[in-house]
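Student: One structure, as structure tokens, below. Some questions next.
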Ligand code: CTP
């Protein structure tokens with residue numbers, strides 16, 4: 001942590017990393033200590049603040065801190081820190097640690113616009129980027145003293161995302177992963193729709209996990225949630241819109257994960273105006289939607305990995321086996337929607353994952369993010385397995401397509 005008014009936000013980053021299971025060793029510059037009491041950071045981090053090359057009980061704190069780090073994140077990074085780091089100056093514990101570490105380094109600059117845009121800072125940032133340092137932000141927004149402009153510290157979510165990305169094996173690097181999420185809404189009239197309870201959290205977890213593993217990710221979602229960091233988000237409402245957006249992108253995707261709860265039926269006609277109750281209960285005629293996943297199964301190209309979900313309330317395994325076969329999938333993630341802490345709306349899920357070879361992976365109740373990690377681990381295995389191109393793993397028996 002460097003000396004900047006944005007230092008207080010580093011406290012949140014620290015707390016969130018500790019919550020996520022990281023061991024956080026806090027290092028503060030003398031400037032940082034002017035903005036934030038070291039006791040605050042010591043209390044929230046995993047060990048007391050390290051602030052000096054000399055006061056530490058460790059005779060060589062910079063090398064031991066640098067060596068035991070899996071990632072070094074500088075939040076906030078001042079213009080001075082960037083300049084010293086670019087020049088290789090190591091005159092305090094933080095800069096010495098940055099020079100002594102072999103771990104990935106992330107810097108999150110925060111300063112006034114004039115300083116950020118100064119040619120010296122621009123050159124220093126370019127130098128650091130060229131050396132592989134990840135620069136997160138800054139963003140445009142409110143600055144110290146009521147000013148506005150470029151130089152505001154990046155959002156906590158973006159910093160956490162970059163950190164997680166630096167810590168995660170990039171087994172999906174170079175891959176395009178297309179994910180769907182949320183429950184579609186099929187309009188009855190301008191104010192009502194037929195929908196389901198899907199929250200979109202599982203699809204989002206898969207999208208974020210894929211991005212942290214190095215993939216280029218597109219999330220086509222019917223859920224009304226803030227867009228996650230590191231993912232391209234395409235918002236849709238209906239099954240028909242999802243069909244268009246997914247099929248348009250599927251041909252160039254290496255992996256497609258259909259986590260969305262897509263309506264199987266929609267009202268055959270949508271009333272132009274609000275249906276009033278005076279007319280009595282309306283009769284709603286439904287018509288089928290396109291099964292997007294089945295269509296993807298027909299269109300899949302060799303090497304593409306196709307993952308479906310099976311939302312079940314009974315006969316989980318039978319339903320999953322049938323859907324995997326009928327839709328020509330490589331993997332199906334079967335959810336028992338009646339299990340405690342699983343399925344719609346929860347932050348946790350439990351699932352049985354079936355592959356095309358008939359292997360089951362049982363995932364007891366866990367976070368949706370961890371389930372995403374397990375599913376994408378299986379996907380990465382399929383992608384890297386020699387000769388396990390999707391087209392040969394479970395070929396479609398009918399159709400064809402583009
Ligand atoms: N799916 C889809 N398009 C639809 C319906 C479902 O792409 N119109 C996808 C879902 O995203 C999911 C998988 O198909 O990945 C299975 O969805 P699910 O609702 O469990 O099963 P259905 O195939 O709809 O069959 P059923 O309603 O009989 O359970």
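Nothing in this text is a laboratory measurement; each read-out follows from the coordinates by a stated rule. These numbers were taken from a predicted model, which means no experiment stands behind them. Backbone-built Cβ (ideal geometry, glycine too); neighbour counts: all protein chains shown.
Student: Using the Kirkwood radius built from alpha carbon pairs, what does the Stokes-Einstein equation give as D for segment 328-389 at 37 °C and 0.692 mPa s, in µm² per second? Provide the component values of the computation, followed by the final result.
Tutor: Details: Rh = 12.2 Å.
Diffusion coefficient, whole number: 269 µm²/s.
Student: In degrees, nearest 10, range 0 to 90: what is the angle between the Cα axis of helix 201-212 and the longest Cα principal axis of the chain?
Tutor: 50 degrees
Student: If we count other beta carbons within 10 Å of each Cβ, what is the order of 116, 360, fewest first? Present the calculation step by step, with values, prior to reporting the outcome.
Tutor: Working: 116 21, 360 12.
Placing the least packed residue first, the sequence is 360, 116.
Student: Another question, then. In nanometres, what is the gap between the two model label sites at residue 197 and residue 370, each 7 Å from Cα along Cα-to-Cβ?
Tutor: Output for this residue pair reads 2.3 nm.
Student: Calculate the tail of P(r) for segment 252-372: the fraction of all Cα-Cα distances greater than 24 Å, expressed in %. All intermediate terms of the calculation are to be shown ahead of the outcome.
Tutor: Numbers: 2896 of 7260 pairs.
When all Cα pairs of segment 252-372 are counted, 40 percent exceed 24 Å.
Student: Under a crude label model (7 Å from the Cα following the beta-carbon direction), how far is residue 58 from residue 189 in nanometres?
Tutor: Inter-label distance under the simple model: 6.8 nm.
Student: Please label the shape of segment 94-193 as rounded, prolate or oblate, based on the square roots a ≥ b ≥ c of the eigenvalues of the alpha-carbon gyration tensor (a/c under 1.5 means rounded; beyond that, a/b larger than b/c means prolate, else oblate). Don't skip to the end; give the middle numbers.
Tutor: Details: a/c = 3.10, a/b = 1.51, b/c = 2.06.
Here segment 94-193 falls in the oblate category.
Student: Please order 85, 8 by the number of other Cβ within 10 Å, starting at the fewest.
Tutor: On the way: 85 23, 8 14.
The most exposed by this proxy come first: 8, 85.
Student: Taking Cα atoms of segment 1-66, Rg/Rh with Kirkwood Rh, to two decimals? Show your work: numbers first, answer last.
Tutor: Numbers: Rg = 11.6 Å, Rh = 12.1 Å.
Taking Rh as the inverse mean 1/r over Cα pairs, Rg/Rh reads 0.96.
Student: Against the longest principal axis of the chain, how steep is helix 156-167, in degrees 0 to 90 to the nearest 10, with axes from Cα atoms?
Tutor: 90 degrees
Student: Still on this structure: If the viscosity is 1.306 mPa s and the temperature 10 °C, what translational diffusion coefficient in µm²/s does Stokes-Einstein give for segment 7-167 when Rh comes from Kirkwood over Cα pairs? Walk me through the intermediate numbers first.
Tutor: Details: Rh = 15.8 Å.
After rounding, the answer is 100 µm²/s.
Student: Let me check I have the definition right: for the chain, take the eigenvalues of the Cα gyration tensor, multiply each by 5, take square roots. What are those semi-axes in whole Å, largest first? Please list the in-between numbers first.
Tutor: Values: eigenvalues 432, 124, 76 Å².
They are 46, 25, 19 Å, listed largest first.
Student: Pull out a ≥ b ≥ c, the square roots of the eigenvalues of the alpha-carbon gyration tensor of segment 297-337, then state rounded if a/c is under 1.5, prolate if not and a/b is larger than b/c, and oblate in the remaining case. Provide the component values of the computation, followed by the final result.
Tutor: Numbers: a/c = 3.39, a/b = 2.40, b/c = 1.41.
It is prolate, given that a/c is not under 1.5 and a/b is the larger ratio.
Student: Also, quick follow-up: Taking every DSSP beta bridge that has both residues in segment 7-167, what percent is antiparallel when rounded to the nearest 5? Spell out each step's value before the answer.
Tutor: On the way: 4 of 11 bridges.
Around 35 percent antiparallel, to the nearest 5.
Student: Compute a Gaussian network model of the chain, connecting alpha carbons closer than 10 Å, and tell me which residue from 385, 110, 150 fluctuates the most.
Tutor: Maximum among the listed residues: 385.
Student: Assuming 0.36 nm per residue, please report the length gained on full extension of the stretch residue 46 to residue 286 beyond their Cα-Cα distance.
Tutor: Length difference between fully extended and current span is 80.7 nm.
Student: How far, in nm, would the chain grow between residue 235 and residue 167 when pulled straight, counting 0.36 nm per residue and subtracting the alpha carbon separation?
Tutor: Numbers: separation 68, 0.36 × 68 = 24.48 nm, distance 2.93 nm.
That works out to 21.6 nm of additional length.
Student: Which FRET efficiency, nearest 0.05, do residue 113 and residue 8 yield, Cβ-Cβ r, R0 25 Å? If you can, show how the numbers build up before the last one.
Tutor: Numbers: r = 20 Å, r/R0 = 0.81.
Efficiency, from the Cβ-Cβ distance: 0.80.
Student: Relative to the longest principal Cα axis of the chain, at what angle does helix 368-384 sit, 0 to 90 degrees, rounded to 10?
Tutor: Approximately 80 degrees, to the nearest 10.
Student: A further question on this structure: Among 15, 131, 266, rank each residue by its count of other Cβ atoms within 10 Å, from fewest to most, as a rough exposure measure.
Tutor: Working: 15 16, 131 10, 266 22.
Taking fewest neighbouring Cβ atoms as first place, the list is 131, 15, 266.
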